[in-house]
Ligand code: G3P
């Protein structure tokens, strides 16, 4: 049976360690913007290598930082050597999909990112992507429906038996995680703040303090 996997969208070693400790996180996604926020890191490749080691055995997506196909191919090989749990993250462009097809044929896991439409998703699935990342939050910011995108992907992938996993990305709040699950995503990747939100409800906090008060009035 399929379950919704929870990935952490972060390049912060501390956040990743804390998340993994909970036992609910089964993978990590990074992107150039998240890496750019890590001001205190050393050389980027040394930093990425240690992130891969820290997340083992869970998959960690690391994105290429170029658009040219030949350069992307070269950078992908370098990313692959960072660790056995690496998933190469490629943009949804013709060049990205060509590199995707090649890497998948070599047994390398690929996450095709920046997916905003069903027709783009269909091409990524045909290129054999391991994961496809629709950015639902950005679509919602743009006034479009990200949840229809996921449910249409689900219908098409099921009909044609595409094995690519739908990785709902760009989650803004806990409700987005529920909507991703309802729409049929395989994975939801979220920032640490959204992951923390999943544990809370004001009535749980209130109920706890009422029970604590009652407990203190009990005599044993
Ligand atoms: O990792 C990709 C994605 O989750 C980015 O999210 O918040 O920059 O739209 P965001």
Whether any residue in the stretch 145-154 is surrounded by fewer than 18 Cβ atoms within 10 Å (Cβ to Cβ) and either under 21 Å from residue 72 (Cα atoms) or touching a strand residue (DSSP E or B) at 6+ places or on another chain (Cβ under 8 Å) (or both) is what I want to check.
yes
Quick one: count up the residues across the stretch 36-62 that are part of a strand (DSSP E or B) and out of contact with any helix residue (DSSP H, G or I) (no Cβ under 6 Å at 6 or more places or on another chain).
1
Only unsatisfied item for residue 144, checking (1) within 12 Å of the ligand (Cβ to nearest atom); (2) out of contact with any helix residue (DSSP H, G or I) (no Cβ under 8 Å at 6 or more places or on another chain), is (1)
How many residues does the stretch 5-20 contain that are assigned to a helix (DSSP H, G or I) and within 18 Å of residue 172 (Cβ to Cβ)?
2
Would you point out the residue of the stretch 158-211, among those that are at positive phi and away from the ligand (no atom under 16 Å from the Cβ), that is farthest from the chain's Cα centre (by Cα)?
161
Would it be correct to say that residue 136 is buried (at least 17 other Cβ atoms within 10 Å of the Cβ), away from the ligand (no atom under 16 Å from the Cβ) and over 10 Å from residue 164 (Cα atoms)?
no
If I ask for residues that are surrounded by 14 or more Cβ atoms within 10 Å (Cβ to Cβ) and not in a loop (DSSP other than H, G, I, E, B), which ones from the stretch 79-97 would you list?
79, 80, 86, 87, 88, 89, 90, 91, 95, 96, 97
Across the stretch 23-43, which residue is modelled with the lowest pLDDT among those that are surrounded by 12 or more Cβ atoms within 10 Å (Cβ to Cβ) and away from the ligand (no atom under 15 Å from the Cβ)?
41
Would you mind stating whether residue 8 is buried (at least 20 other Cβ atoms within 10 Å of the Cβ) and within 16 Å of the ligand (Cβ to nearest atom)?
yes
The number of residues in the stretch 98-113 that are within 20 Å of residue 7 (Cα to Cα) and buried (at least 20 other Cβ atoms within 10 Å of the Cβ) is 4
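The values are calculated or read from the model by the stated rules, or taken from the named source; none is laboratory data. Nothing here was measured: the structure is a model prediction, and the numbers come from that model. Reconstructed Cβ throughout: ideal geometry from the backbone, glycine too, with neighbour counts over all protein chains shown.
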